[in-house]
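In what follows, a single structure is set out as structure tokens and then discussed.
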Amino acid sequence: MKNPIRLLILLTLLFASNAIYAQQADDLVGVWEPSNGKVRVKIEKLGTKYFGRIVWLRAPIDSVTNKPKVDKNNPDVALRNVPIKGFRLLKDFTFKSAGEWTEGTIYDPENGSTYSCTIKMKDKNTLDIRGYIGISAFGRTDVWKRLEIKKQ
Amino acid sequence: MKTSHLISFVILIAILSFYSCNGSGKKATYKIEKANFTLEAPLFSGANSTQAEHTLDLSAIKKELVIDGDEVKSAKLTKAIIYFQDSTSTDLANSIVMSLAGDNVNMAQLAVANPLEEGKKEVVLKGSSEAEIAAFFNQTMMYIVLDVDLKNDSESTLILTADLEFELEF
Amino acid sequence: MLNKLLVLFFTFPILAIAQPDTTANPPADEDFSQYDSYNFVDQSIKKYCTSKVFDLSPSKLISIGYDFQGGYDLTTDTLFNPIQSSYATQNTPGFGSIQYSHGLRLAVNIPVISNNAIIVQLGANYAEQRYKFNQLISSPSNDLITTLKDNGLRTTGLNTTIFKPFNERSFLLVQASADLSGDYGFNSINLKYLRSSVAAIWGQKKGDRKMIGFGLSRTYRVGEMNYIPVFLLNYTAPNRKNGCEILFPARVHYRRTFSARSLALFGYELEGQSYHLGSRNTSPALQDLELRRGELRIRAVYERSISSFLWLSAQAGFRYNYSFEADRLPEGKEFFRGFFGDQPYAMQNTLGNTFYFLLGVNLVSP
């Protein structure tokens with residue numbers, strides 16, 4: 001490292017890769033729709049981790065109660081009044097490597113179950129979201145598509 | 001041979017007893033007073049998030065209980081009251097959900113009030129008795145996150161404060 | 001010095017990125033109504049229907065169960081001895097009083113591919129039926145009774161289920177299995193007697209609460225091989241309390257949902273296999289004999305989550321015998337009798353009816 005130019009080049013590369021790393025991590029941020037089209041989920045960064053909130057529901061009113069949907073299937077009875085709109089469906093994802101976020105969970109309000117979850121970005125507008133039980137083999141992958149404001 | 005089996009068995013029981021009885025079992029109340037939350041205007045109807053960073057300091061509790069090295073084994077929310085500041089009241093919101101988050105701990109939903117009783121300055125949240133939150137108290141810092149579902153758009157900043165109490169067991 | 005400065009300058013962003021972003025606060029100034037007008041960035045999106053309707057009883061990834069049937073009688077026919085071309089003296093019509101029959105049931109189903117466009121599930125299953133006879137009343141050396149008493153019956157199989165949606169409405173469901181059923185032990189397995197079943201259903205998903213389909217199956221559900229049309233209907237009422245799960249004629253159930261973690265089913269299931277006999281009991285009378293066991297189980301099933309994805313399943317009901325006849329299949333070669341064929345049975349047996357229960361613990365699927 002006696003040659004400062006060589007060091008400069010090396011550190012420039014390091015800096016550049018570092019910036020790319022941060023950008024890749026934040027590629028997850030945005031509004032996404034699961035394949036069933038029932039909700040829209042906004043993924044945002046909180047601290048160092050990524051979380052996804054339901055920001056839109058196709059059917060926001062519960063057909064039985066005639067009131068806004070709440071998390072009625074939560075196994076924790078005390079939390080069954082939490083509104084589904086605004087609910088954090090995806091929690092605690094950390095950026096692992098290019099196009100992959102792991103160590104998170106996904107919650108299914110239909111049955112009140114929380115699954116382990118990994119997210120893989122197939123392309124910048126498509127996510128493979130795999131929820132599983134214990135080991136990845138016992139799971140299911142759903143394809144989520146990116147949304148953006150584009151008035152029809 | 002039989003003696004060695006007996007010794008192994010006794011050691012095993014001793015190890016199991018140690019692990020099952022690990023921890024002092026001592027309890028303490030941890031209070032967070034006047035945690036500040038600000039929802040900056042303009043605000044839109046729907047679930048708006050705000051968070052307060054809280055630095056944890058259990059040294060006084062540990063000193064009082066003489067349990068210097070022990071970690072928190074269990075924690076339970078025993079009180080959560082949210083206060084609407086200035087001229088605001090519960091009329092502004094449909095519901096409030098409180099969660100805890102941390103950099104090394106998974107987020108936990110902790111309490112909810114839905115719907116809110118109209119015309120009040122304070123809201124008592126209903127806390128979960130099942131949420132696993134002990135790990136938060138073994139960190140140095142945690143975020144208290146509030147999701148406030150607003151009824152209408154608003155041009156005014158909304159300020160809330162919270163008084164929380166947790167029962168900790170070491 | 002220059003080097004040190006450069007290092008400091010360029011490593012600073014690394015440190016900054018590695019720090020928790022403690023100031024990150026989700027913006028509160030968010031117009032939620034805007035999400036109505038969001039559109040897909042990639043417009044070429046193909047959407048598919050899912051394989052489930054709301055509140056469908058959970059599918060099982062791993063299941064361990066114990067089946068028990070109360071006492072009943074078995075009357076067996078005369079058994080012809082093909083080697084001696086005569087009716088062996090010990091194989092005159094027999095009568096056995098069965099105190100109970102019982103057995104273990106294991107199944108594993110792994111979704112090897114599971115995404116929006118296709119689900120491919122591979123599974124393995126094992127079921128056994130052990131017979132505990134009271135003191136035999138007559139013909140104690142009847143070979144069928146002897147092998148049931150000594151060896152019982154078992155089925156070991158592999159299966160696959162493929163769900164292929166074509167769009168938001170249409171789908172194809174294919175189920176295939178290869179089962180080895182008989183009185184064999186694990187050191188007397190002969191793959192020559194592998195029996196295969198297959199069903200293909202073309203269906204329509206009509207919203208989140210209804211799916212319907214029609215198809216054809218090659219099945220051993222009533223004991224002997226048969227080709228029958230099948231009808232699928234999974235339905236949940238708007239109140240989300242009542243529904244039905246029908247794969248006619250194999251099973252028909254009314255479903256009552258108590259919560260997302262508990263439900264009950266009332267209805268029936270047809271259960272059966274063709275069992276190759278004579279694997280361990282080498283009596284000539286049992287040679288190439290296939291026992292066509294088919295039964296109707298009218299039942300109530302209660303399923304509930306005991307811990308997260310671990311579910312308890314308890315079912316009880318009445319087991320009605322549909323078939324306990326036997327066919328002689330030289331070299332295991334199958335034939336088709338169907339509902340209207342007049343090929344005679346090698347043995348016509350009568351099995352009494354009884355109550356039964358089945359207790360199981362299941363790891364259920366997302």
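The values are calculated or read from the model by the stated rules, or taken from the named source; none is laboratory data. Please read these numbers as outputs of a predicted model, since none were measured by experiment. Neighbour counts run over all protein chains shown; Cβ positions are idealised from the backbone, glycine included.
Observations on the model:
- Contact annotation: residue pairs with Cβ atoms under 6 Å, 6 or more positions apart or on different chains, pairing a residue in the stretch A:32-46 that is within 7 Å of another protein chain (Cβ to nearest Cβ) with a partner that is among the polar types (S, T, N, Q), are A:Ser35/C:Asn116.
- Of all residues in the stretch C:149-182 being free of Cβ contacts under 8 Å to residues at least 60 places away in the same chain, basic (Lys, Arg) and over 17 Å from C:Ser114 (Cα atoms), the one that is surrounded by the fewest Cβ atoms within 10 Å (Cβ to Cβ): C:Lys149
- All positions within the stretch B:27-70 that are of a type in the set (Asp, Glu) and either surrounded by 17 or more Cβ atoms within 10 Å (Cβ to Cβ) or closer than 19 Å to B:Ala108 by Cα (or both): B:Glu53, B:Asp70
- None of B:Leu92, B:Leu58, B:Leu125 is over 11 Å from the mean Cα position of the chain (by Cα) and modelled with pLDDT under 90 except B:Leu58.
- Index of the failed condition, B:Leu168 passing every other in (1) of a type outside the set (Gly, Ala, Ser); (2) surrounded by fewer than 20 Cβ atoms within 10 Å (Cβ to Cβ); (3) modelled with pLDDT of 90 or more; (4) not in a loop (DSSP other than H, G, I, E, B): (2)
- The number of residues in the stretch B:71-123 that are in a strand (DSSP E or B) and not hydrophobic (A, V, I, L, M, F, W, C) comes to 10.
- Remark: pairs (first residue in the stretch B:138-157, surrounded by 15 or more Cβ atoms within 10 Å (Cβ to Cβ); second residue hydroxyl-bearing (Ser, Thr, Tyr) and in a strand (DSSP E or B); Cβ separation under 6 Å; 6+ apart in sequence or on different chains) = B:Met141/B:Thr55; B:Val145/B:Ser99; B:Leu146/B:Thr50; B:Asp147/B:Ser49; B:Asp149/B:Ser95.
- Among the candidates A:Thr114, A:Thr102, the residue that is under 17 Å from A:Val29 (Cβ atoms), at pLDDT 90 or above, part of a strand (DSSP E or B) and in contact with a Ser or Thr (Cβ under 7 Å, 6 or more places away or on another chain) is uniquely A:Thr102.
- Hey, B:Val124 of a type in the set (Val, Ile, Thr), more than 20 Å from A:Lys49 (Cα to Cα), at the interface with another protein chain (Cβ under 10 Å from one of its Cβ atoms) and touching a strand residue (DSSP E or B) at 6+ places or on another chain (Cβ under 6 Å) or not: no
- Selection status of B:Phe84, aromatic (Phe, Trp, Tyr), more than 14 Å from chain A (Cβ to nearest Cβ) and either touching a Cys at 6+ places or on another chain (Cβ under 6 Å) or in contact (Cβ under 8 Å) with a residue 12 or more places away in the chain (or both): yes
- Matching residues in the stretch B:90-121 - criterion: being out of contact with any strand residue (DSSP E or B) (no Cβ under 9 Å at 6 or more places or on another chain) and not charged (D, E, K, R): B:Asn104, B:Gly119
- Filter result (over 18 Å from the mean Cα position of the chain (by Cα) and not in a loop (DSSP other than H, G, I, E, B)) within the stretch C:168-181: C:Ser170, C:Phe171, C:Leu172
- Residue that is surrounded by the most Cβ atoms within 10 Å (Cβ to Cβ), among those in the stretch C:235-265 that are within 14 Å of chain A (Cβ to nearest Cβ), among the hydroxyl-bearing types (Ser, Thr, Tyr) and within 22 Å of the chain's Cα centre (by Cα): C:Thr236
- Checking A:Thr118 against (1) more than 12 Å from the chain's Cα centre (by Cα); (2) farther than 27 Å from C:Pro238 by Cβ; (3) among the polar types (S, T, N, Q); (4) buried (at least 20 other Cβ atoms within 10 Å of the Cβ), the condition it does not meet: (1)
- Those residues of the stretch B:27-54 which are assigned to a strand (DSSP E or B), away from chain A (no Cβ under 14 Å) and not acidic (Asp, Glu), in sequence order: B:Lys27, B:Ala28, B:Thr29, B:Tyr30, B:Lys31, B:Ile32, B:Lys34, B:Ala35, B:Asn36, B:Phe37, B:Thr38
- Meets criteria (touching a Ser or Thr at 6+ places or on another chain (Cβ under 9 Å), under 23 Å from B:Leu100 (Cβ atoms) and not aliphatic (A, V, I, L, M)) for B:Glu53: yes
Residues are listed down the side, and each one gets a yes or a no for (1) in contact with a His (Cβ under 8 Å, 6 or more places away or on another chain); (2) among the hydrophobic types (A, V, I, L, M, F, W, C); (3) under 30 Å from C:Thr76 (Cα atoms):
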position: C:Thr156; (1), (2), (3): no, no, yes
position: C:Ile162; (1), (2), (3): no, yes, no
position: C:Ser170; (1), (2), (3): no, no, no
position: C:Asn190; (1), (2), (3): yes, no, yes
position: C:Leu194; (1), (2), (3): no, yes, yes
position: C:Trp202; (1), (2), (3): no, yes, no
position: C:Leu216; (1), (2), (3): no, yes, no
position: C:Thr219; (1), (2), (3): no, no, yes
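- Residues (more than 24 Å from A:Ile119 (Cβ to Cβ) and either assigned to a loop (DSSP other than H, G, I, E, B) or of a type in the set (Val, Ile, Thr) (or both)) located in the stretch A:44-74: A:Ala59, A:Pro60, A:Ile61, A:Asp62, A:Ser63, A:Val64, A:Thr65, A:Asn66, A:Lys67, A:Lys69, A:Val70, A:Lys72
- The stretch A:78-111 - residue that is among the small types (Gly, Ala, Ser) and surrounded by 20 or more Cβ atoms within 10 Å (Cβ to Cβ) and, of those, nearest to the other protein chains (Cβ to nearest Cβ): A:Gly86
- Selection from the stretch C:301-351 of residues that are modelled with pLDDT of 95 or more, of a type in the set (D, E, K, R) and within 30 Å of C:Gly94 (Cβ to Cβ): C:Arg319
- Unique residue being among the polar types (S, T, N, Q) and farther than 30 Å from C:Lys47 by Cα when the list is C:Thr160, C:Thr156: C:Thr156
- Boolean, B:Asp147 is in contact with a Pro (Cβ under 7 Å, 6 or more places away or on another chain) and within 12 Å of chain A (Cβ to nearest Cβ): no
- Residue within the stretch C:223-238 that is over 30 Å from C:Tyr345 (Cα atoms) and assigned to a loop (DSSP other than H, G, I, E, B) present: yes
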